[in-house]
1. Pick out, in residue order, every one of the GluC sites (Glu not before Pro) in the range 160-224 that is DSSP loop and has at most 16 other C-beta atoms within 10 Å; say none if there are none.
2. Could you give the distance between the Cα centres of the range 47-95 and the range 107-148, to the whole Å?
3. Around Asp213, under 14 Å between beta carbons, what's the net of Lys plus Arg minus Asp minus Glu among the other residues?
4. Summing +1 for each Lys or Arg and -1 for each Asp or Glu, what net charge is found among the other residues whose Cβ lies under 10 Å from the Cβ of Ala70?
5. Of Lys167, Lys209, how do they rank once you tally other Cβ atoms within 10 Å and put the fewest first?
6. Could you compute the FRET efficiency for Leu222 and Ala112, with r as their C-beta to C-beta distance and R0 at 25 Å, rounded to 0.05?
7. So the label point goes 7 Å from the Cα of Arg11 along Cα→C-beta, right? Which residues of the range 46-78 then have their backbone N under 16 Å from it?
8. What is the calculated FRET efficiency for Asp134 to Ser212, with r their C-beta to C-beta distance and R₀ = 30 Å, to the nearest 0.05?
Amino acid sequence: MTNRYEELLARAAADETVLGVILSGSRARGAATEHSDFDVYVVVGERDGAWRTSRTPELDTIVMSPADIADVSDEWQRYSYRGARVLLDRLDGHIAELVRRQATLSPAETDAWVREYLDGYLNFAYRAAKSRRDGRPEAADLDERESVAWFLWTLFALYGRVRPYNKFLRWELDTHPLPAPWTADHLIATLTERPSALLPELERAVRAKGFSDVIDEWDLSLLR
């Protein structure tokens, strides 16, 4: 497996049409196991067929243009650039800047994402509370579980960051800690056991960051 990866790097370095090479995933983040593959973005100016996207159990090669990396509209994909390593940059740092841009939120994005995902989280939390009140525990549990994704998008957006994939949640919190109380142990254990228990802490963080107006649109008496 390592040989295929090294062969890919050598081929890219020898090909002047390759503008950049980016290593992503577990290998880039120092979180690889014996089963981890290599996730590599090969950046080219023109998709002329010399380089093709391919995926194998050992090596994923994704061919992209600078315009592809500059497109930040795919919110879920953006975390793949978090902790990514730029191995080759023939654009004098532009590839590295595009990677950084993907992995962080602008102030405008932070505002929009917090508002969207916080509203979604409160919606699911409210539905769960109503179902629990009305004697429908299964529906309540399903809504509470569904709220977790919205909670994580909200929490990380509050701090200008994209939501990590669940696989990397602990790595993210251990390597790039959030302010108290959002330690990896506390957050993961509570999200796993009873996500709604985090609402008071999230509310305090949201209000401190200036998003009280989103919270105040909801009657949270039932949740409290």
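Bear in mind that the values in this text are calculations on the coordinates, not laboratory data. Not measured: the values here are computed from a predicted model. Positions of Cβ are generated from backbone atoms using ideal geometry, with glycine treated the same way; all protein chains shown enter the neighbour counts.
1. On the way: sites: Glu172, Glu193, Glu201, Glu203, Glu217; in loops: Glu217.
Here the GluC sites (Glu not before Pro) that fit, given the DSSP loop and packing criteria, are Glu217.
2. 33 Å
3. Working: positive: Arg115, Arg207, Lys209; negative: Asp111, Glu116, Asp119, Glu203, Asp216, Glu217.
That sum, taken over residues with Cβ under 14 Å, equals -3.
4. Details: positive: Arg101; negative: Asp68, Asp71, Glu97.
The answer is -2.
5. Values: Lys167 11, Lys209 14.
Placing the least packed residue first, the sequence is Lys167, Lys209.
6. Working: r = 27 Å, r/R0 = 1.10.
Working from the Cβ atoms, E equals 0.35.
7. 47-64
8. Working: r = 29 Å, r/R0 = 0.96.
Result of the calculation: an efficiency of 0.55.
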